[in-house]
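To start, the structure under review is shown below, and the notes come after it.
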Amino acid sequence: MDLRSDFDPTLPIEAARTPPTSWYLRPEFHERELASVFGSRWHFAARVEQLTAPGAFVATEVGDQPIVVVRGEEGELRAFHNVCRHHAACVMQGAGTADALVCPYHGWTYGLDGALRTAPAMGRIDGFDRDAMGLPSAAVAAWGPFVFVSLAEQPGDLHAELAPLNSLLEASGWGDLQYYGSGIYELECNWKVYVDNYLDGGYHIAHAHKSLDAELDMADYRTECHDTWCVQLCADSGSDRLEGGAIYAWLHPNFMINRYGPIMDTNLVVPRGHDRCEVRYDYWFREVEGADAEVFIRESLAQTDRIQQEDIALCANVQRGMRSVSYDRGVYAKSETGMYQFHRLLAGDLLTAE
């Protein structure tokens, strides 16, 4: 697989062509992505509010790698590979609070610092070094209401990367929002199809999302690209739900923050195979109690679901179309600068890993 001939990230967008369908259809390409793209970047792992008390933990995944994030006894955040050193069972499941990390298979127990505490009934083993049998650590950082992890040996400075976005979101009042709930959507498409759809600069909104189109001033829609993220900005057209306009932020490779009016929702796009993915939603609102808040939240979630169902159908349609012998790669519309940035970052990750 020669990435240099598959996709040229050096061209101006008007001369560029999209990656070939092999990037979206071939299982071996998907396996390569898991190691290179998901092994080299910061990835959303949890909400800070899930990890406030000592012993709080969240089990998650980065690509196909099981990870657990914990709040230590002294209040520090830590992240570990969530795999027992005995026979590879995942140690923790879900989220909660625990005094120790206990493997459900044979009871091997690790402290909140990842060190091996007990290995029941193991007896004498030549060369067994207890100090070397702890859970391997991963980099972890909190940013805003989110916790990120990285599997890279030397991850970049997350706060420096996101400083301009942090200023934009702080100015929007995101610190006044409260977490409300979560949801999961399953899609029959490669995870990149969903990200491409998100990053087309609003190109599909007038055609596929009539209700959203009515709330946005599409003449004002614009995309701003930064090193590892981009933001799509748009004014509202007088809607209560989108008062003040919308901020659609994407963080490479698979995390989105949608901030509008008294609402924020986040999307984590999780690959489940070369032709399947799931999108995990978290919902935040300025007001979460009282009759008026209940009505507003119910209507907002219904609108979000309508848009998501429309996108699910679009993405499945694209995945089917990519199997056609008549299509290999496409071109970019002038609005699709965010999508082109995504593809260029993907190419960089993949080439670096060669």
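No value in this document is a laboratory result; all are computed from the given coordinates. Here the structure is a predicted model, which is why all the values come from computation and not from measurement. Every residue, glycine among them, receives a Cβ derived from its backbone with ideal geometry; neighbour counts consider all protein chains shown.
The figures follow:
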quantity	calculated
Whole-number D in µm²/s for the chain (Stokes-Einstein; Kirkwood sum over Cα pairs; 4 °C, 1.567 mPa s)	59
Spin-label model distance (nm) - D176 vs D328, 7 Å beyond Cα toward Cβ	5.4
Extreme residue, positive dipole direction of the chain, given options V279, C103, I263 (C-beta unit charges)	C103
Distance in nm between pseudo-label sites at D157 and H87 (7 Å out along the Cβ direction from Cα)	4.7
D131-E49 FRET efficiency (beta carbon distance; Förster radius 51 Å; 0.05 resolution)	0.90
Relative contact order (%) - criterion: Cα under 8 Å, at least six apart; region: the stretch 42-151	28
The stretch 50-157: trypsin sites (Lys or Arg not before Pro) falling in loop per DSSP and having at most 15 other Cβ within 10 Å	R124
Under 13 Å, Cβ to Cβ, from D113 - net charge with Lys/Arg +1 and Asp/Glu -1	-2
Residue-averaged 222 nm ellipticity for the chain, from DSSP H runs of 4+ at -39500 (n - 2.57), nearest 500	-8000 deg cm²/dmol
Cα-based helix-to-principal-axis angle, 337-352 vs the chain, degrees rounded to 10	30
Charge dipole (debye, nearest 20) of the chain; +1 at Cβ of Lys and Arg, -1 at Cβ of Asp and Glu	880
Relative contact order %, the chain, counting alpha carbon pairs below 8 Å whose residues are six or more apart	20
Mean-position separation - Cα centroids, the stretch 288-340 and the stretch 20-66, in angstrom	21
Cβ charges +1 (Lys, Arg) and -1 (Asp, Glu), total dipole of the stretch 163-344, debye	860
Positive-end extreme of charge dipole, the stretch 163-344 - chosen from Q232, L242, G330 (charges on Cβ)	G330
Lys, Arg +1 and Asp, Glu -1 on Cβ, resulting dipole of the stretch 104-174 about Cα centre, debye, nearest 20	340
